[in-house]
1. If you split all Cα-Cα distances of region 136-270 into 10 Å bins from zero, what percentages do you get per bin, shortest first?
2. Give, in nm to one decimal, the length gained when the segment between Arg325 and Val246 is fully stretched (0.36 nm per residue of separation minus the Cα-Cα distance).
3. Which of the residue pairs Lys203/Lys307; Lys72/Lys225; Lys220/Lys323; Lys220/Lys271 have a Cα-Cα distance greater than 29 Å in the structure shown?
4. Would you please give the FRET efficiency between Val191 and Asn71, computed as 1/(1 + (r/R0)^6) with r the Cβ-Cβ distance and R0 = 30 Å, to the nearest 0.05?
5. If I ignore ligands, DNA and RNA and count only protein heavy atoms, how much of His252 is accessible to a 1.4 Å probe, in Å² to the nearest 10?
6. What part of the accessible area of region 177-293, given as a whole %, is carbon or sulfur when the probe is 1.4 angstrom?
7. Mind listing the phi-derived Karplus ³J(HN,Hα) values for region 149-154, rounded to whole Hz, using 6.51, -1.76 and 1.60 with θ = phi - 60°, and x for any glycine or proline?
8. Got a sec to turn the phi values of region 86-91 into Karplus ³J(HN,Hα) couplings, 6.51 cos²θ - 1.76 cosθ + 1.60 with θ = phi - 60°, whole Hz, x for Gly and Pro?
Amino acid sequence: MKKVFILLICFLYIESISAQVTPQVSPVFSGGYLPGILGVRDYANPGRDGLFVLDYNIFLNANSFYDRNGNKSTSIGNIPIEVDISGYINSLMLVYASPKLEFLGDAQYLFIASPNYTTANLGVGLGELTSGETITGGVSGFGDLTIAPIMLSWTSEKFDFTTGYLFVAPTGQYETGGSENVGLGYWSHVVQAAAYYYPLPQKATAILIMPSYEWHSTLKDAEVKPGTRFLLEYGISQYLTERLEVTLQGGHSWQIGEDSGADVYWDTSVKDQMSIFGAGLGFWVKPNTFYVNTKYSTTYNNKQHFKANIFQIQLLLATDLLKKRENN
């Protein structure tokens with residue numbers, strides 16, 4: 001069987017850095033979906049029905065900020081800044097895959113529910129605003145909730161195709177100007193389509209390309225609506241044996257719509273962007289039942305964005321719960 005996908009929020013605690021000493025809304029928004037975090041085959045057709053339990057452990061570090069021109073910067077807007085951020089996110093996923101649905105061309109219906117728990121440690125220098133002192137501290141708590149209520153996946157000998165809609169609900173702690181935020185403070189909506197090509201028998205090699213489009217609601221307690229985004233992900237997965245997998249993957253995120261609202265005080269013509277690239281190694285500890293994957297990724301081509309290094313460990317358990325019983 002193949003892995004089913006998961007959605008994560010990875011920069012949700014970075015966005016409030018400049019708001020920790022002023023009640024203003026931060027001009028930095030990451031969106032609710034970060035490319036390059038999911039495994040290459042996480043969008044592939046699952047190949048079986050039932051309940052899957054996934055656990056993603058993400059360790060993140062960011063220590064530099066890049067301005068509107070893509071240059072390393074020592075300020076966000078008019079705020080001088082030196083930053084060292086480290087964080088850990090754990091996301092436990094429950095994924096249900098239905099049996100094949102004949103009336104939809106043998107598609108499988110997928111439903112995903114994903115809460116996450118975030119811990120972040122901050123070391124932030126904000127120049128004259130803090131008399132040259134560095135703010136240190138940490139936040140932790142349950143973050144925003146991701147739900148994918150409408151996902152369909154088709155498979156054939158050479159191709160897989162998965163498409164649908166998901167949303168990120170602002171269930172995590174958020175307060176404008178607050179120092180303990182672990183939520184984004186707004187709803188995010190994403191539509192996406194993942195296409196796979198398998199050039200070799202038994203699908204030993206998988207080539208992925210996946211575009212996504214994301215839009216947002218108004219920020220909680222502020223007249224600010226983050227701009228829309230277009231994302232593109234790609235990757236290749238190769239099984240060296242029946243149990244050992246190596247992967248290369250990347251992604252891009254471009255803000256295409258302007259931030260809007262009465263409380264926007266920054267130049268809305270400035271649109272952020274980031275790219276990410278990583279390599280992974282996966283192994284089926286118990287074939288078709290228990291899978292472990294490790295991956296390292298780094299961001300580049302950043303504009304109005306933090307540069308981050310990310311290490312992650314993914315665990316997958318395929319269960320027989322909710323599996324359709326075969327008629328005798």
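The values are calculated or read from the model by the stated rules, or taken from the named source; none is laboratory data. The structure displayed is predicted, hence computed values, not measured ones. Here Cβ is always computed from backbone atoms with ideal geometry, including for glycine, and neighbour counts include all displayed protein chains. Heavy atoms of the whole protein, side chains included, go into the accessibility calculation; ligands, DNA and RNA do not. Shrake-Rupley method; radii C 1.70, N 1.55, O 1.52, S 1.80 Å.
1. With a bin width of 10 Å, the distribution comes to 11, 28, 30, 20, 10, 2.
2. Values: separation 79, 0.36 × 79 = 28.44 nm, distance 3.40 nm.
Contour length minus Cα-Cα distance gives 25.0 nm.
3. Values: Lys203/Lys307 35 Å; Lys72/Lys225 26 Å; Lys220/Lys323 40 Å; Lys220/Lys271 21 Å.
Where the Cα-Cα span goes over 29 Å, the pairs concerned are Lys203/Lys307; Lys220/Lys323.
4. Working: r = 33 Å, r/R0 = 1.10.
Plugging the Cβ-Cβ distance into 1/(1 + (r/R0)^6) gives 0.35.
5. Approximately 40 Å² of His252 is accessible to the 1.4 Å probe.
6. Values: 3150 of 5120 Å².
It is 62 percent, rounded to a whole number.
7. Those phi angles translate into x, 9, 9, 10, 9, 10 Hz.
8. 10, x, 9, 10, 10, 10
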